Amino acid sequence: MHQIIAKEPEEEHPSQSLRADAHHLIRQELDSILKHALFTRSKRYPKFLSFIVEKSLANDFASLKERVIGIELLGKPGDYDNSADPEVRNIASEVRKRLIQYYQQTSGQQVRIELPAGSYIPIFHVPAQAQELAPSTEEIHSPTETEKVESPDSDKPRRLISNYRGLLVAGVAILLLVATIATIRVWRNRRNASALNVLDHFWTPLFHSGSPVVLVIGTRRTPRVDPDQDSNLTNPALSSPPTVSVDSASALSRITAFLGSHGESYEIHTAHETQYASLLGRPSVLIGGLNNGWGLRLLGNARYRMAYDSKAAQTSITDTKTGRRWIGPTFGATDSREHMDYAIVSRQKDAMTGASVIIVAGLGSAGTVAAAEFVTNAAYLHQVSNANMEQNQEFVLATDVIDTVPGPPHVIATQSW
């Protein structure tokens, strides 16, 4: 048999320089990504991507955990509850989406940076020559005269046993692989079924009522504020001809498509022309926030309520139990290309009309679109799969808006009764 002896290299290991080349290529690609319009309009996303890339290159994977990222990168307090604070998850979701968009819009890169779903550890795709290991420093020597040389025949039983063991190990590995794939498929099917069940359960009170679902869409008009309480918005005044915004129409189209796919008929009304008789005893969906007086009437008795401060031209959602507020977009602001918008989704039995009502209400128009996505997409509604859909429900959603386009909606507060 040949004897293999490894010798220590006398100079720097070639793989070290190749690894340095890979790091250089990855940092070049990171720099190109951060200069793209998808990232230049944000402060948080470039910081997040740079943080996880540099930590990965330094093999500091202990820092790539949600809680650590929140403390080190976002300045969260040491005792912050990451299960109740989704900011890190929201940022990661947006960075993941923007990386996909970046590579869809560009081409010819030698290096790709990806962020897998459910992980904060990026994956780097680099050219093969930058991944090569150093040439082997092992040398092959002929056996010395004192070494025992075994005949080929003496090794046959050993080879047969080795082959048998190899086949056995391979067979076990294949069985484990098949079992794993089957388990994953079952888990995915159950998860998909669970998500669809949540969607069906959420809408069940409005389906099969024998009446078309009444869709009431908010219209743009000048709000009238109670002079005694500036923060409480009452029904808007009709001081100008009412119009439906493009975003409200987009939210409406999502909901009508969903109802149509389930064979449900519907009627469409604008908020300013809807009469009480149109809603009496009929299931309805109220689309729009501060531009839909019917939705505001119902939310007036809810835990989470919408408000408008006329002096600051500022919108907000208030938790009447804890006093917490989520500040939305400012009316008339045109210089904010990136901001957070919030929405309320509520499904309840309205004592006044005697029918089930779903409210899809954003503080801004982008929030309303995100809320419409939430109530018609099983993947988003699955966030509240633990809620008892036999009860009335109210959810507060957050969405990151870039150039008027809302990102995925995230549930940040819930209430059941």
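Odds and ends about this structure:
- Across the stretch 12-131, C-alpha contacts under 8 Å between residues 6 or more apart give a mean separation that, scaled by the residue count, equals a relative contact order of 34 percent.
- Rounded to the nearest 20 debye, dipole of the stretch 12-131 from Cβ charges on Lys, Arg, Asp, Glu: 400 debye
- Förster-model FRET efficiency, 30 Å R0, E273 and T204, C-beta, rounded to 0.05: 0.55
- Estimated FRET transfer efficiency (Q28, D60; beta-carbon r; R0 22 Å; 0.05): 0.60
- V246-D81 pseudo-label distance in nm [points 7 Å out on the Cα-to-Cβ vector]: 4.1 nm
- Given K321/K349; K47/K311; K76/K311; K311/K349; K43/K97; K76/K321, the pairs whose alpha carbons are separated by over 26 Å: K47/K311; K76/K311; K311/K349
- With the charge dipole of the stretch 275-357 set up from +1 on Lys and Arg Cβ and -1 on Asp and Glu Cβ about the Cα centre, the Cα lying farthest toward the positive end among the listed residues S310, G281, G328 is that of G281.
- Inter-label distance, nm, simple model (7 Å from Cα along the C-beta direction), K47/K349: 4.8 nm
Every number in this text was worked out from the coordinates using simple rules, so none of it is lab data. These figures come from a predicted structure and were not determined experimentally. Cβ sites come from the backbone with ideal geometry, for glycine too, and all protein chains shown count toward neighbours.
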